[in-house]
Amino acid sequence: MQRMTPDTSTSKSSLSVGRAVDWKFAATVGEKLVRPGPPSTDYTRRQVIEQLTEASRSAEVPVREVTGMTEGGEIPEARIVDRPQWIRAATQSMRVMTGGSENPRGFISGRITGAQTGAVLAFISSGILGQYDPFGPGGGELLLVYPNVIAVERQLRVQPYDFRLWVCLHEVTHRVQFRANPWLADHMSGALAVLTEESSDDVAEMVSRLADFIRSRRGDCNGAATDANSNGMIGLLRAVQSEPQRAALDQLLVLGTLLEGHADHVMDAVGPAVVPSVATIRKRFDERRQRKQSPLQRVLRALLGIDAKLSQYTRGKAFVDHVVSTVGMDRFNAVWSGPETLPLPTEIDEPQRWIDRVL
């Protein structure tokens, strides 16, 4: 299947938000603002790079066996990067995802949005352990950020090689997901094209939506249950979006929740057989996820959607755990058949509804 990316040659795609960002400047700013990695010797750096490269290969076979998905005989090499290299790769990928170009609309506005984007990526870059980029070179690439791996394994006080392999199990699962199911990238591209298209709605209509959102939040204070994606910054974003954009955002949120939850499920299923200290790693890693943050960190996490990302892990894993324990992995894999078999937003927290609908 040919991968679809936003067509920047049409007048419609010229309204893409990605065209408003100077992506080269974003990378430059991000690289200047990025925090240095943890102090380490040349020997440690060489060792972690070699071990992550090896672990990204050795994780592939057990991941394929547990998932029942085969993405081809060849195992692609991961790219081991530092924080500035990750930022540059991220800006290139985001430009593709958002329909951007090498020449942004407006020099001044492009520099401003580029600086903002670079600052955000600089903040995020210190927390990314690995990432599979389906829009990267060669149809997708796996990136592993070695300074962050060193920092977290020291913080958790775990066996370095075990932790490096454990991280690779999660990220390699994402690689298998996308390479075994090429339609996933197409599905993501289509949703992103809608989501990043600049709205033609007038200001009055957007203000009206925002007022409705605020009134609904007041009503929820009385104890009414709310959807997990209707709160915080995601809820605010949805409040000013058009209906097609809301639907596209829902698609991306559900897909992200499924992919992250599935990867966490696979990581735990594979772990005991190949990672001797997996129980200790999981316990300490989960404690780190829940650790209290300073007020400033909490605000930044909310603004950047990091807390929503953590929710994806727990909600998605609970969905996959339930379905697999109920019907087995082979039948669960029906979820990868196409967009119509992905969970609906209402099914993520009620997996039996997905089972009843799809199986």
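From Glu141, Glu153, which residue is modelled with pLDDT of 95 or more, crowded, with 18+ Cβ neighbours inside 10 Å and acidic (Asp, Glu)?
Of the residues listed, the single one that is modelled with pLDDT of 95 or more, crowded, with 18+ Cβ neighbours inside 10 Å and acidic (Asp, Glu) is Glu153.
Of the residues Leu310, Leu255, only one is at pLDDT below 95, in a helix (DSSP H, G or I) and buried (at least 17 other Cβ atoms within 10 Å of the Cβ); which? Show your work before the answer.
Values: Leu310 fails: buried (at least 17 other Cβ atoms within 10 Å of the Cβ).
Just a single option satisfies the conditions, and that option is Leu255.
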Of residues in the range 49-70 being of a type in the set (Ser, Thr, Tyr) and farther than 26 Å from Asn148 by Cα, the one surrounded by the most Cβ atoms within 10 Å (Cβ to Cβ): Thr67
Residue, farthest from Ile281 (Cα to Cα), within the range 152-167, restricted to residues that are out of contact with any helix residue (DSSP H, G or I) (no Cβ under 6 Å at 6 or more places or on another chain) and either assigned to a loop (DSSP other than H, G, I, E, B) or polar (S, T, N, Q) (or both): Gln155
Tally, over the range 93-110, of residues that are under 20 Å from Ala191 (Cβ atoms), at pLDDT 80 or above and not hydrophobic (A, V, I, L, M, F, W, C): 2
Pairs with Cβ under 8 Å, 6+ apart, first in the range 105-134 and within 14 Å of Gly30 (Cα to Cα), second aromatic (Phe, Trp, Tyr) and in a helix (DSSP H, G or I): Arg111/Phe25; Gly114/Trp23; Gly114/Phe25; Ala115/Phe25; Thr117/Trp23; Gly118/Phe25; Ser125/Trp86
Exclusive hit being buried (at least 21 other Cβ atoms within 10 Å of the Cβ) and part of a loop (DSSP other than H, G, I, E, B), set Pro38, Pro104: Pro104
Residues that are buried (at least 17 other Cβ atoms within 10 Å of the Cβ) and either basic (Lys, Arg) or more than 20 Å from Val61 (Cβ to Cβ) (or both), drawn from the range 160-185: Arg164, Arg175, Arg179, Leu184, Ala185
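The values are calculated or read from the model by the stated rules, or taken from the named source; none is laboratory data. On a predicted model such as this, the values are computed, not experimentally measured, just so you know. Every residue, glycine as well, gets a Cβ built from its backbone with ideal geometry; the counts of neighbours run over all protein chains shown.
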